[in-house]
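Taken together, the values in this text are just the output of simple stated rules run on the coordinates, not laboratory data. Values in this document were obtained by computation on a predicted structure and should not be read as measured data. With ideal geometry, Cβ positions are generated from the backbone for all residues, glycine too; neighbour counts draw on all protein chains shown.
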Amino acid sequence: MSRRHSGRERSAVRPPRPRNTARRHGRSSASRSRCAGRSGCNSRGCDWPERSGNHRNGACSYRPYRCSYPVWRRTTTRRKLDFTSFRRSGSREATMFRTSLQTITWGDPQHERFHEIFALAQSSGFEGLEIGFRRLGQVEPEVMMALLARHGMRVNASHIGGNLGDPGQAANERVALDATLAHLAMLKVPYLLYSGLNESDDSVLDAAIDQLNVFAERCAQDGIALLYHNHNWEFEDGGRIWNRLRRAKSDALGHALDLGWAGKAGKDMGQLLDELDREVKILHFKDFVSEEPGENTCHLGEGIIDFSPAWRWLQGKADRDIWLTAEQDHATSADDACVANGAYLVENLERLEKAS
């Protein structure tokens, strides 16, 4: 991971405040001196002006600075999108589609790196974070709230699993759920995702779905929506698991549709979205290198998954509160994946705004 600037370096490279701030903020990115291609920098997303001390040995020590002017409370990697939105509507809240990062790419123990992960996520264009509860639960809520406030971020979702078809394990999960919900309530996390339902026996599968419905009702009591997060196996065997879930699910159970896994399973993305419609609260964008089995993930837009049906579906859903989450299970560099996937979502949201 690239080295941080010291406080002295940051002050040295921060551009001087111009007299005409409107002119500066309206200036096109093409008119600014960029790092890429000029200083031998190989870091994706570098937007620093060419100044002494920014780049070392061809590797960029880029860390976006925050603009201090009233109109701009964004980092350099988000300026184009936010400036367009500001001019058009006066607020980024005009669109209810918000970007989120699944922190799974950093593996474990990532809670020790939350400070730098949150900083990079914010600078890469993400507004929210989705963190598995076994990682989120490693940090006391008060500490996490201070950390989120420091970086201007929020946790929009957490994630749990478990074998609900096993009565003994389901009972343990029910006990753990109360503690999980109390923790999430302190952080004002609106969504909890569940992954599982991989039972081969139909009677065991039905029992697991019944328990999932009980969990959904329990979550709703605390004002948290439980969402089912799919993989590819739900659509195998003629969609046996998916169809039984759809027939038996409670109204309290929503969906965090994983577009990547659905696409890898050969599902029609547009048809699936139309089927779920308002049950969709989160869309997971996940890309794969090939159709081979396994978590052979890659940066968004660089693999085999065609997300265009999802973007077309979103065009008519501007009135809905939907989180668009980038999830990449594995990467050579988690930091590079964060920057690349954030850029993909931001660029496509720009196109969506222009088309609407």
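Once the range 194-218 is narrowed to residues that are without any contact (Cβ under 8 Å) to a residue 40 or more places away in the chain and farther than 24 Å from Pro293 by Cα, the residue that is farthest from the chain's Cα centre (by Cα) is Ser203. Might you let me know whether the range 273-288 holds any residue that is surrounded by fewer than 17 Cβ atoms within 10 Å (Cβ to Cβ), of a type outside the set (Gly, Ala, Ser), part of a helix (DSSP H, G or I) and at positive phi? Checking the range 273-288: at least one residue is surrounded by fewer than 17 Cβ atoms within 10 Å (Cβ to Cβ), of a type outside the set (Gly, Ala, Ser), part of a helix (DSSP H, G or I) and at positive phi.
Just one of the listed residues (Asp277, Asp251, Asp222) is touching a residue at least 40 places away in the same chain (Cβ under 8 Å) and among the acidic types (Asp, Glu), and it is Asp222.
Filter the range 200-219 down to the residues that are part of a helix (DSSP H, G or I) and of a type in the set (Gly, Ala, Ser), then identify the one that is surrounded by the fewest Cβ atoms within 10 Å (Cβ to Cβ). Talk me through it step by step, then tell me what you get.
We begin by selecting, within the range 200-219, every residue part of a helix (DSSP H, G or I); these are 202-219.
Pick out the ones that are also of a type in the set (Gly, Ala, Ser) and you get 203, 207-208, 216.
On the way: Ser203: 9, Ala207: 17, Ala208: 24, Ala216: 22.
The residue in question is Ser203.
Only one entry in Leu177, Leu227, Leu184 is surrounded by 15 or more Cβ atoms within 10 Å (Cβ to Cβ) and in a strand (DSSP E or B), namely Leu227.
Yes/no matrix, rows are residues, columns are (1) surrounded by 14 or more Cβ atoms within 10 Å (Cβ to Cβ); (2) under 19 Å from the mean Cα position of the chain (by Cα); (3) part of a loop (DSSP other than H, G, I, E, B):
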residue: Ser290; (1), (2), (3): no, no, yes
residue: Pro293; (1), (2), (3): no, no, yes
residue: Leu300; (1), (2), (3): yes, yes, yes
residue: Arg312; (1), (2), (3): yes, no, no
residue: Ala318; (1), (2), (3): yes, yes, yes
residue: Thr332; (1), (2), (3): no, yes, yes
residue: Ala343; (1), (2), (3): yes, yes, no
residue: Arg351; (1), (2), (3): no, yes, no
